[in-house]
């Protein structure tokens with residue numbers, strides 16, 4: 001089959017789909033991945049055909065407006081801001097999508113590419129396979145993953161409704177941009193007011209979730225068409241060689257703590273670095289700090305702290321005593337796979353959900369929202385993560401389970417079962 005995967009967002013949003021695409025390509029399918037030009041080297045390095053989705057996600061993330069919103073953690077305000085940026089890109093994405101999907105047999109999309117993917121599927125009469133790394137299917141078992149806070153016990157009867165509310169927040173923020181693309185580029189009527197969630201292009205098709213059933217077991221009220229496959233990890237970069245400074249630092253003492261906030265921006269990176277270093281000193285821990293998009297900087301680091309621009313999580317995190325991060329789905333997955341406790345400092349979106357899930361599993365302390373982060377709170381969480389032997393054992397056991405899974409192979413097997421059905425329908 002000719003498969004087009006649409007993956008828009010930061011690297012953490014794109015990399016799982018590169019892994020999935022690589023698995024599909026190895027199974028004999030032709031795979032194109034439509035994403036931003038910053039990720040072309042990542043896509044092509046793994047044997048996939050790159051198709052551009054114009055726009056610079058990093059520029060949006062690093063804008064002063066977004067930095068201010070991220071610090072406040074207001075999901076609705078962040079969604080409104082990103083919707084404005086998406087509206088500017090909607091026409092280009094529709095044009096790019098039409099070019100990418102020529103000759104396709106099926107489109108694969110998750111949160112970032114769902115709405116444009118559905119519109120393209122409708123225009124070209126193609127099936128769309130939903131593939132997510134965040135749970136979106138309504139259930140009574142837990143609340144919507146994009147809620148800023150979990151529902152208190154007395155309101156858990158609203159869990160299922162909360163998923164529909166999350167879907168509407170996503171859609172209503174994108175509706176104007178989506179309809180603009182449908183009308184001006186695709187020649188389609190406006191989508192239904194409450195969204196294209198019942199689209200005929202997805203009817204009867206499976207829904208894939210790229211996370212571990214050991215992290216989120218499939219709820220009993222999910223339909224049989226929903227599959228939790230395991231995480232979609234890229235294989236470790238065999239050719240990557242750690243810099244001598246990192247090798248020397250690791251050899252010079254006990255395993256350090258990893259600290260990195262990924263693509264989350266910060267208006268005051270020096271203050272954040274100072275807070276982190278104070279917490280590390282208070283908890284008597286060495287650390288590796290990853291700068292990332294957040295631009296985390298510190299002028300004079302103590303000998304107990306090493307700053308890196310980047311390093312593969314698969315190599316680095318298993319060598320750490322604990323990992324401190326923002327709770328993005330990809331970094332959370334990498335931390336859990338490493339088998340060490342995670343300390344999550346969520347900013348927005350699904351990050352509080354993963355922070356709470358880590359705590360519920362007993363593999364990390366309670367999350368510390370970014371706007372509530374202090375040196376004392378971080379120091380206490382780090383101390384717990386490195387000294388609580390029950391937590392450390394649970395983290396090690398969960399890591400072993402995740403490493404034994406092959407989520408990509410499970411997902412590919414499900415797609416393989418669709419091939420004859422899709423060709424028959426065409």
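The values are calculated or read from the model by the stated rules, or taken from the named source; none is laboratory data. As the structure is a computational prediction, the values presented were derived from the model and not from experiment. No Cβ is skipped: glycine too gets one built from the backbone with ideal geometry, and neighbour counts run over all protein chains shown.
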>> Under 8 Å between Cβ atoms, which residue pairs at least 6 apart in sequence (or on different chains) link something in segment 132-158 that is outside the structural domain of residue 330 (by TED's automatic domain parsing) with a partner that is in a loop (DSSP other than H, G, I, E, B) and exposed (fewer than 15 other Cβ atoms within 10 Å of the Cβ)?
In response: 137/223; 139/221; 140/221; 141/220; 141/221
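Residue-by-condition table, conditions (1) crowded, with 17+ Cβ neighbours inside 10 Å; (2) assigned to a helix (DSSP H, G or I):
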{"site": "364", "(1), (2)": "yes, no"}
{"site": "368", "(1), (2)": "yes, no"}
{"site": "383", "(1), (2)": "yes, yes"}
{"site": "392", "(1), (2)": "yes, yes"}
{"site": "397", "(1), (2)": "no, yes"}
{"site": "415", "(1), (2)": "yes, yes"}
> Considering 8, 33, which residue is part of a strand (DSSP E or B), assigned by TED's automatic domain parsing to the domain that holds residue 420, at pLDDT 90 or above and in contact with a strand residue (DSSP E or B) (Cβ under 8 Å, 6 or more places away or on another chain)?
Replying inline: 33
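Name the one entry in 351, 393, 360 that is within 25 Å of residue 167 (Cα to Cα), out of contact with any helix residue (DSSP H, G or I) (no Cβ under 8 Å at 6 or more places or on another chain), modelled with pLDDT of 95 or more and outside the structural domain of residue 148 (by TED's automatic domain parsing). So that I can check it myself, show each step before the final result.
Numbers: 351 fails: modelled with pLDDT of 95 or more; 393 fails: within 25 Å of residue 167 (Cα to Cα).
Criteria check complete, one pass: 360.
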> How many residues does segment 307-324 contain that are at pLDDT 95 or above and in a strand (DSSP E or B)?
Replying inline: 3
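Any residue at all in segment 184-196 that's on the phi > 0 side of the Ramachandran plot and crowded, with 17+ Cβ neighbours inside 10 Å?
Yes, segment 184-196 contains at least one residue that is on the phi > 0 side of the Ramachandran plot and crowded, with 17+ Cβ neighbours inside 10 Å.
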> How many residues does segment 269-306 contain that are modelled with pLDDT of 75 or more, outside any helix (DSSP H, G or I) and within 23 Å of residue 348 (Cα to Cα)?
Replying inline: 2
> Of all residues in segment 203-214, how many are more than 22 Å from residue 106 (Cβ to Cβ) and out of contact with any strand residue (DSSP E or B) (no Cβ under 9 Å at 6 or more places or on another chain)?
Replying inline: 1
> So which residues in segment 399-411 are surrounded by fewer than 20 Cβ atoms within 10 Å (Cβ to Cβ) and either in contact with a strand residue (DSSP E or B) (Cβ under 8 Å, 6 or more places away or on another chain) or in a helix (DSSP H, G or I) (or both), if there are any at all?
Replying inline: 400, 401, 403, 404, 409, 410
> In this structure, does residue 343 turn out to be in contact with a strand residue (DSSP E or B) (Cβ under 6 Å, 6 or more places away or on another chain) and assigned by TED's automatic domain parsing to the domain that holds residue 209?
Replying inline: no
